[in-house]
Amino acid sequence: MEPLSTYSERSFSRACHYELYPDRLHISGKIFLQNEFEVAFELKDLNPDYQKLKLRDKSFWAGLWVALVPAILLQILISVFHMKFDNPVFGLMIGLVVTGLLLCAVTTVPLTI
């Protein structure tokens, strides 16, 4: 039987493919470096009430560390060692902080269930 509609999505850590049939919803996908999954839901069993969740990918915590550690090191270099702003290390540390914050921002995904 051919699906009525299909939808695919990709994120940093997973890829999903959705197929809507007259009586069920079929979801299949793969989680990066882990496993594949496949599940089907009967449409008559679905509840129309929904909830909104914010999920954080595992990369969020890595981004937090990438931002936090250079920020602390930068503070130490400025206050203890009196590092000047024209030092290349200053630019590197600021770049790492910004990169970590961007990684945190893009890995927080709102999800409606």
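All of the numbers you see were taken from the coordinates with simple rules; none came from a lab. None of the values given here were measured: they were computed from a predicted structure.
General remarks:
- Using only Cα coordinates, the Kirkwood hydrodynamic radius of region 53-112 works out to 12.4 Å.
- Applied to region 94-100, the Karplus parametrisation 6.51 cos²θ - 1.76 cosθ + 1.60 on θ = phi - 60° returns per-residue 3J(HN,Hα) values of 5, x, 5, 4, 5, 4, x Hz, with x for Gly and Pro.
- Across the chain, the mean sequence separation of Cα contacts (distance under 8 Å, 6 or more residues apart), normalised by length, yields a relative contact order of 24 percent.
- Taking θ as phi - 60° and the Karplus parameters 6.51, -1.76 and 1.60, the scalar couplings of region 24-39 work out to 7, 10, 10, 10, 9, x, 9, 9, 3, 6, 10, 9, 9, 9, 8, 8 Hz in sequence order, x denoting glycine and proline.
- Volume of the Cα convex hull of the chain, divided per residue and given in Å³: 131 Å³
- Distances between placed amide hydrogens fall under 5 Å for Arg14 paired with Phe32, all partners being 5 or more residues away or on another chain.
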